[in-house]
Structure formats: structure tokens, C-alpha cells
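The values are calculated or read from the model by the stated rules, or taken from the named source; none is laboratory data. Predicted model, so just to flag it, every value in this text is computed and none were measured. Positions of Cβ are generated from backbone atoms using ideal geometry, with glycine treated the same way; all protein chains shown enter the neighbour counts.
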Amino acid sequence: MSAFIIKRLLWGIPTLLVILLLCFLLLDHSPGKTVDTYMSNNFEGVKSMENVEEYEYYYIQSVKKLGLDKPAFYFTLTNRAMLDTIGRITFLPKKTQAEKLSATSGNKKAVGEYFHTIDYLLNQVRRLTDTVFVQKNELTRELYNAKKDADYSEKLEQISQTIDDKNIASQLKNLLEQQKYFARNKPSASLLIPAIKWNGTDNRFHLMLTRLFSGEKNISLIDSRPVWLKIRESLRFTLAINLLAFILSVFVSYKLAIWLSMNAGRRVARSVNSLMFVLYTMPAFWVGSMLLMFFSSSTYGSMLNWFPPGGVGDIGQGDNFFEIVGIRLHHYLLPVICISYPVIVFLTTHLKDSIKDASGNQWAVTARAKGLSEVSTIKRHVLRNAIFPYITLLGNIIPSIFAGSVIMEVLFNIPGMGRLAYQSIISRDWPVLFNIILISGIITVLAQILTDILYAWLDPRINTGK
Amino acid sequence: MNKQAITFKSMPFNMKVAVGFISLVLLFAIAGRFIANDVPIYYSHKDWKGFPAMNKTSFLAFKQKNEDVEPDFQILPLIPYSATSIDYKHSLSKPGQDVGSRHLLGTDTFNRDVLAGIIYGSRTALLIGILSNILAVIFGLFLGSLSGYYSSVGVVTGRQNFIFLLMIEILLGYGLLYNPYVSVYIYNTQVRLLLFFILTILSVYMLLRPQRKNFRLDIDLLITKSVEIFQSVPGLLLLLGISAVTGTMDVVKLTLLVSLLRWPGITRLVRGEVIKVRQSQFIESAKSLGVTDWRVIAKHILPNITRQIIVAFAFGVASSILLEASLSFLGLGLPPDQVTWGMLLSQSRTNPAAWWLAIFPGLMISLLILACYTVGNYLNNRTGETSSKEEII
């Protein structure tokens, strides 16, 4: 048995790794957008158009704060043509430009020189004192633009013809020549030769792993609060609803399946079956919105205003325990029903089918033949054998309950994890979203391992050796 | 196994209704623009003749030039609105409220006709439901039959061939998916992905065969474990995450995403069915006659599990439609200018008085799913033995 548990736990590791990698890939999908979201929420008023130098300064600060200046993984797979210092560029638009130029030209020396020229020019322009302020400003902006976009710039050419300083003018001409060179070039074959670079532990994936457990540094892009704090605040509502839905669906489906299999063939059972079939085809979000529409407002007569229109209710200062439970249950009732009814139908159908399969066995016939009533035959003999597939299903429905609660939390306005995920999608708050996916993935994997172990413990016929 | 042909007459009543409803939705999907449109189906005038419903632009140009011309002859569609045409006078009007305006099922918050929206939305629902499952079935058939056929036996393959295959795979992955050199020439990522999959399947087909020095490759373990891993990732949340990162949705992207969630279930089903059929005598005799493995799978095993796959397909279409509807209900599906049932339904959230926005689109989703389940159940019961019910969820 212990060998089985250890083996099962070991098989959970690759699953968790894949979930981790998937979340990381999605989280890391567009670092540029992440920085944009962070900046628009934390440095309001810093726009790229107004003051380019200030913008780049704050951009680099944000990149460092978010840890996006580090390489992505433990090793980097690039090609021979890639600029060697690409990892040290913190301004991400420049980085993309450098990658693109290296990819299209295959000439890393030229790419390096191009950016070097820009930096040199920027330094020179900063030292200028006798030039007109407007012209200096415009030149600076154009040079910053050249970092992001290496297409041939006509504006730079205009400036280069009017500028007084000879050194700057000649360097500008040089820059324009380089831009022309990049426009002409076709990709070179050195792109095809791979190059592997080892980064060590100083990378973004490692950072994500460590931040997952440290908590404090893993911040939301919107309000800079730790992600873990936000998730912990919302987790209790999600857990409350899901636990209630889980208990309700297990209890009801267990009772209903036994009742159905004892009354099999009767007209009542048949109509309950068809009702369940129809219920199963009705999307839960539709049923939920209809219930909300008709039973939680006075739009269709104040007689029908039974439930609150979403939320979790306000709890006053002096409320005792029973009042709190009453308020919460009043708010939870509709979402819990909407989450659990498809699950109830699914579980009931399966348990009913396995009871039907098991009651055809010889020992069930024997139990009936020796005079046991149908109730005790099913409860004492059949159910013990029919319950095993049901236990496996319990592990499988946990992800679907979680998924169902996302829609229901959004619909019923419950400040749980699902609504947090939804809001973080709307506001592009990637760290929150992917930590939620990660946590629900971990919960799912753990639940599956737990049910497998439970199954093996309950049913000694399962081969736990090997 | 009951091999009798299925005819419409031999079906029970509920199956007839289901088939009828599916055909209605199919009709909406195919000929929607002839049923509901803001331009006539056929228009004839001495200067301009033709079918404006097929091609609007030239007709609208003609109309703009000469505004008050009476046509010699025209056929108007049943519903004088298309899904995107905006009726500025009627915002959120009840069904049958304005008899003159002919909004049979009312209008939505953007002043668009709900019935026209339902007719146009059926195209999206069916397209995503069917296409995503076709993709998932192709993928699942390939992986599931490999996994089932070689379960507990393993593929006997040449050692050199296998190493060669691994090298080819690494090269393909590096060249087509990672290296920028190729991406300059083949710009489209989806084309490169497709090319990668086709070349992978081809190279597996060519190279997984015995040589002089062989070893057993446990392909079944590989596939079942990857299916298991995929099934333990919370599907809807992952879908939401991917759709959030990839930006604006279109039908192709949504289809790919939905089929990403569908393939593990189908692979599992196909594997189980293949294992059942593999033990039959005719497979053994085919093998002893020297028929190759690929031919045994394609000619002897797959024809015997078609019914079960069709059943899984019917259930799969239902759950894909549900998935698409719930994504649009959350506002994370197709962009709002493409009308879908879920999007119409989601408008009822902010307007509790507009019951017609909740009832009619929801009823369409529900009935289509019910019809798919009915067809699936009917076919499932006709196969004699009920196959595993895992595929329902």
C-alpha cells in the first residue's frame, strides 16, 4: 500500500511540472504587455509620447521591479546570429528590435554598432548647449524612436541636414546608412546554427517558483498588492460555495440513485429520469441567469423577490453566529444550486448504472433468494460493490465544479477566486490569473491522487503492488 | 451489433424531433442570410438585377445613387433585419410590442433584432461545435488507435530508426517552431504548426518499424500519461487564460482552443474501443496473413468502432457548443460585432427586465444540446452494448 501511495505521488510530479510550465509560458507570453499594464496602473501620466527619457527610465524601473530583465529559463536556446549582449537589454522594445534585426540581417556586429551609434549620439546631443531647444528635443525623440524601429527615418535625414554640429551630423549619416543596410538585407544562414547559453538560477522561471512560496514579492500589476493576499481573501468564498455544492451533490445523488434503482421501472422513476436528462442539457449559466432574473428582483412582481441579487451579504457588528450563517446561506443558495445540479445528474446517472450492473450478479440474486428485502439487498450488498466507480468520479468532478464556480461567481457577483480570475483577465493582471490557474491545478491533482489512494484503500482487489 | 441501416421512419419520436431541430439549425447556419437580411433576396430593376443577399456592396451602391426607385420585382426575406443591422427606433423592445416593426423576438441593447441574431448565431455555434470535434476526432483517432493497438505490447522498432526519428523531431521543432530563419519565409504561425504536425505524423509513419536491432517502445504509457496530465489541468480556466493572452478571438482560434480540451477524452475512448476490438479473431487472422499494423488499424479496427466515435462526436458537439456559449456569456469569446447566442444571453445580465434576451437564446442552446444528446443516446443504444459514459462530461 505505501509503495502504491509513493508511486502515485511520484506520478503527480510530472503533472504538476507540466501545469507549472504551462502557466509560466502563458504568464511569460508577452512581457511587453505586462510592463505596459504595470506602468499604466502605477506610473500614471508617464506616456511615451511626452518625455521619452523619463518614459524609458520608468520603463526600466518597472522591468526590474517585475524581474523581467532576467532570462526566461535555466538555459537559452538561440542562434549564432543573435546579439551576444541581448540578455542585458532592459528596455523591452529595444530588445525586440535587436532580436528582429539580428534575425533578418544575421550580422550581430552591425546590430551592436547600430545601437552603439544611437547611444553615442544621445550622449552627444545631451551635451549640446548652443542648439535650439526644439531641435534638440526632436532629435532626442527621433533617436529614442530609432531604438524601437530601425526602418529608414526621413525625419532623421531632415535633421541631419540642418544640424550645425559636424560630429553629430556625420554620425547621423552613419546611422542612416546602417538603417538602409538593415532594410536591404536578407536572413543569413548563420541563423540556422543553434547556440545554447546557460543562465543558472537567475531566471524568470526560477523567480516564479521562489515567489510562489515567498508570497511578498509576487505582486498584482493593478494595485501592487501581493497576489497571495488577494487570492487568500477570495479563496474562502470559493471554498465555501464549492464545499457546499460538493456536499449537496454527493448527498443528493447518493440518495437519489438508491431511490431510483429501488423504484426502477415505475412511472415516477421514469419521469425523474427524463427530467434529469432535460436538466442536464440546460446550461447552468442560463438557469442561473433566469433564476436571478425572476426570483431576485421585483421586476416580475414583488411576490417573486425571494433572493438577494447576488453578492455575499453584509454582516453587521453585533450579529451572532446563526445570523451570519443565515445571511450567507440566503446568498449562497442560488449559486450552490446552479453549480451542483449538473453534477447531481451526472453522479446519479453513473451510480444508478453501476448499481444496475452490480445487482445482476449472482451474490445479489442469492441475497434476494435468502429473503432479504430489496432495500437491504441494495444497501448492504450491491452498494458496497457499486460505490467504487463513484469514488473515482468524485475526484474527476472537482475540476468541473471549479470551472462551474467561475461562471457562477461572475454571474452572482461573489468575490471568490473565479471572479478574481475573471477580473484579472479583464484588467490584464497576469500574475493573479496564472497563480489562480496554478492553485486550482494543484488542488485538482491533489484531489485525484487522494481519490486514487482512497479507492485503493477501500477496494483491496485493486492491484497496489508493483 | 445491430448493422441495420438507420432510416428516418424507423426512428422513435424524440429522435425525429431531434433530427428535425438539428436540420433547422443547419438550415439557419447555411441559409441564414436568405432568411434574415436587411436587403432583398432577389432584386430586379432595369439598371440593376441580381441577388443582393449574396453580395451586398454593389446593391447598396446602386441604392445610394438612386434612392427612391421602385423595383420591378423583388423577393424580400422573411425577417427584414440582418444580425448586425441597427434599428435606431427600437431599443430593447418586447416581442410583438411594435407590430409594424416586425421584431418577432424583440431587440437587444444595441437595437439589433434578436431573431436575426439567433439565426446568425447558429452558424457560429455549429461551426465551432462541429469543426473543433472533427479536429479532436482526427487527433484522438491517431493517438488512441496507436495507444490501444500497442497497449501492453509496445511498438517493436529499430534502434537506429528511433534515434533518427528523435533527431528529425528535434530538427523539426527547432526549425519550424523556434528558429526565426524559417519564420521569415513562412510567416504564418498556424501554417508552421500544421506543417510540423504533418511532418511529425509522416516521419512516425515512416520510421516506427522493425530493423535488425530492435527494442520495445511503450507508446501506450506515453500517450495515456500525457492524456492524464492534460485532463488534470482545469480546462475552462486554462481556456480563459489562453484566450486572454492571445487577444482578439476569431472562429479559427476558438475552434483550436475548444479542440484542445476535447482531444484527451476522445483519445481515451478510442483507446478503450481499440483494445476491445483488438482481441477479436479476425484481427489475429489478418495479422497472421502478414497484413501490416497500419493496415490492420485502418482497414480492420477503425471500421468497427465508427459507431462509438460518432456517438462521442455527438456528445462532443454538445459540450463544445456549451463551452463556446459560456465563453461568450462571460464576454471572452468572439468580439461583440459577431452575434452569438451566449452574447445575446449575457445582455440579460444587465437588463433584468428583458426576459426575451434570456429565454430565447438560452432555449436555442439548450435545445441544440438536447438534440445532440438525443442523437448520441439513440446511436449509443443501437450499438448494443453501451460504451463507457466518460465522454458525456
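Of everything listed in (1) within 14 Å of another protein chain (Cβ to nearest Cβ); (2) without any contact (Cβ under 8 Å) to a residue 60 or more places away in the chain; (3) of a type outside the set (D, E, K, R); (4) surrounded by fewer than 17 Cβ atoms within 10 Å (Cβ to Cβ), the single unmet condition for A:Leu279 is (2).
Taking the criterion of being within 14 Å of another protein chain (Cβ to nearest Cβ), closer than 30 Å to A:Asn41 by Cβ and in a helix (DSSP H, G or I), would at least one residue in region A:390-402 satisfy it? Checked region A:390-402: at least one residue is within 14 Å of another protein chain (Cβ to nearest Cβ), closer than 30 Å to A:Asn41 by Cβ and in a helix (DSSP H, G or I). Just need a number here: residues in region B:177-207 that are away from chain A (no Cβ under 14 Å) and either surrounded by 14 or more Cβ atoms within 10 Å (Cβ to Cβ) or in a helix (DSSP H, G or I) (or both). Number satisfying all stated conditions: 18.
Residues considered: A:Gly326, A:Gly310, A:Gly316. Of these, the only one that is at positive phi and small (Gly, Ala, Ser) is A:Gly310. Is it true that A:Thr201 is out of contact with any Ser or Thr (no Cβ under 7 Å at 6 or more places or on another chain) and part of a helix (DSSP H, G or I)? No; evaluated as a whole, the condition is false for this residue.
Number of residues in region A:433-460 that are charged (D, E, K, R) and assigned to a helix (DSSP H, G or I): the value is 1. For the residues A:Leu221, A:Leu192, A:Leu229, the requirement of being under 25 Å from A:Val63 (Cβ atoms) and within 14 Å of chain B (Cβ to nearest Cβ) singles out A:Leu221. For region B:328-346, filtered to residues that are at the interface with chain A (Cβ under 10 Å from one of its Cβ atoms) and not in a loop (DSSP other than H, G, I, E, B), the residue that is farthest from A:Gly310 (Cα to Cα) is B:Trp341.
Checking each residue of region A:351-367 against the condition of being closer than 30 Å to B:Gln231 by Cα, without any contact (Cβ under 8 Å) to a residue 12 or more places away in the chain and assigned to a helix (DSSP H, G or I) gives at least one match. Checking each residue in region B:186-227 for being β-branched (Val, Ile, Thr) and either in contact with a Ser or Thr (Cβ under 7 Å, 6 or more places away or on another chain) or on the phi > 0 side of the Ramachandran plot (or both) picks out B:Ile219, B:Ile223, B:Thr224, B:Val227. Here the condition is being within 14 Å of chain B (Cβ to nearest Cβ), at pLDDT 85 or above, surrounded by fewer than 18 Cβ atoms within 10 Å (Cβ to Cβ) and under 25 Å from the mean Cα position of the chain (by Cα); of A:Leu10, A:Leu22, it holds for A:Leu10 alone. Answer yes or no: is there a residue in region B:90-102 that is hydrophobic (A, V, I, L, M, F, W, C), over 30 Å from the mean Cα position of the chain (by Cα) and either surrounded by 13 or more Cβ atoms within 10 Å (Cβ to Cβ) or outside any loop (DSSP other than H, G, I, E, B) (or both). The answer is yes, given that some residue of region B:90-102 is hydrophobic (A, V, I, L, M, F, W, C), over 30 Å from the mean Cα position of the chain (by Cα) and either surrounded by 13 or more Cβ atoms within 10 Å (Cβ to Cβ) or outside any loop (DSSP other than H, G, I, E, B) (or both). When you look at B:Val153, is it over 30 Å from B:Ser82 (Cα atoms) and not in a helix (DSSP H, G or I), yes or no? It is true that B:Val153 is over 30 Å from B:Ser82 (Cα atoms) and not in a helix (DSSP H, G or I). Of everything listed in (1) under 24 Å from A:Ser160 (Cβ atoms); (2) among the basic types (Lys, Arg); (3) modelled with pLDDT under 85; (4) surrounded by 15 or more Cβ atoms within 10 Å (Cβ to Cβ), the single unmet condition for A:Lys108 is (1).
Scan region A:369-378 for residues that are touching a helix residue (DSSP H, G or I) at 6+ places or on another chain (Cβ under 7 Å) and either small (Gly, Ala, Ser) or surrounded by 14 or more Cβ atoms within 10 Å (Cβ to Cβ) (or both) and the total you get is 3.
Only one of the numbered conditions (1) out of contact with any helix residue (DSSP H, G or I) (no Cβ under 8 Å at 6 or more places or on another chain); (2) among the hydroxyl-bearing types (Ser, Thr, Tyr); (3) at pLDDT below 80 is violated by B:Tyr174, and that is (3).
When B:Glu324, B:Glu273 are screened for being within 14 Å of another protein chain (Cβ to nearest Cβ) and charged (D, E, K, R), only B:Glu324 passes. Would you mind stating whether A:Ser373 is over 30 Å from B:Leu322 (Cβ atoms) and of a type outside the set (D, E, K, R)? So A:Ser373 fits the description; yes.
Residues checked against (1) closer than 27 Å to A:Leu438 by Cα; (2) acidic (Asp, Glu); (3) within 14 Å of chain A (Cβ to nearest Cβ); (4) surrounded by fewer than 22 Cβ atoms within 10 Å (Cβ to Cβ):
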position: B:Phe230; (1), (2), (3), (4): yes, no, yes, yes
position: B:Leu240; (1), (2), (3), (4): yes, no, yes, no
position: B:Gly247; (1), (2), (3), (4): yes, no, yes, yes
position: B:Ile266; (1), (2), (3), (4): yes, no, no, no
position: B:Lys287; (1), (2), (3), (4): no, no, no, yes
position: B:Thr292; (1), (2), (3), (4): no, no, no, yes
position: B:Pro303; (1), (2), (3), (4): no, no, no, yes
position: B:Ile310; (1), (2), (3), (4): no, no, no, yes
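Of B:Val137, B:Val153, all but one fail to be surrounded by fewer than 19 Cβ atoms within 10 Å (Cβ to Cβ), within 29 Å of B:Glu273 (Cβ to Cβ) and at pLDDT 80 or above; the exception is B:Val153. Can you tell me which condition A:Arg236 does not meet? The list is (1) out of contact with any helix residue (DSSP H, G or I) (no Cβ under 7 Å at 6 or more places or on another chain); (2) at pLDDT below 85, and all the others hold. Against the list (1) out of contact with any helix residue (DSSP H, G or I) (no Cβ under 7 Å at 6 or more places or on another chain); (2) at pLDDT below 85, A:Arg236 comes up short only on (2). Residues of region B:5-50 that are of a type in the set (Phe, Trp, Tyr), modelled with pLDDT of 80 or more, surrounded by 15 or more Cβ atoms within 10 Å (Cβ to Cβ) and out of contact with any strand residue (DSSP E or B) (no Cβ under 6 Å at 6 or more places or on another chain): B:Phe21, B:Phe28, B:Phe34.
Just to be sure, is A:Ala403 without any contact (Cβ under 8 Å) to a residue 12 or more places away in the chain and in contact with a Gly (Cβ under 7 Å, 6 or more places away or on another chain)? Answer is yes for this residue. Restricting region A:308-336 to residues that are aliphatic (A, V, I, L, M) and free of Cβ contacts under 8 Å to residues at least 40 places away in the same chain, the residue that is farthest from A:Asn396 (Cα to Cα) is A:Ile315. Here A:Ser340 fits the description: part of a helix (DSSP H, G or I), crowded, with 19+ Cβ neighbours inside 10 Å and away from every other protein chain (no Cβ under 14 Å).
Would a scan of region B:311-324 turn up a residue that is out of contact with any strand residue (DSSP E or B) (no Cβ under 8 Å at 6 or more places or on another chain) and part of a loop (DSSP other than H, G, I, E, B)? No: zero hits.
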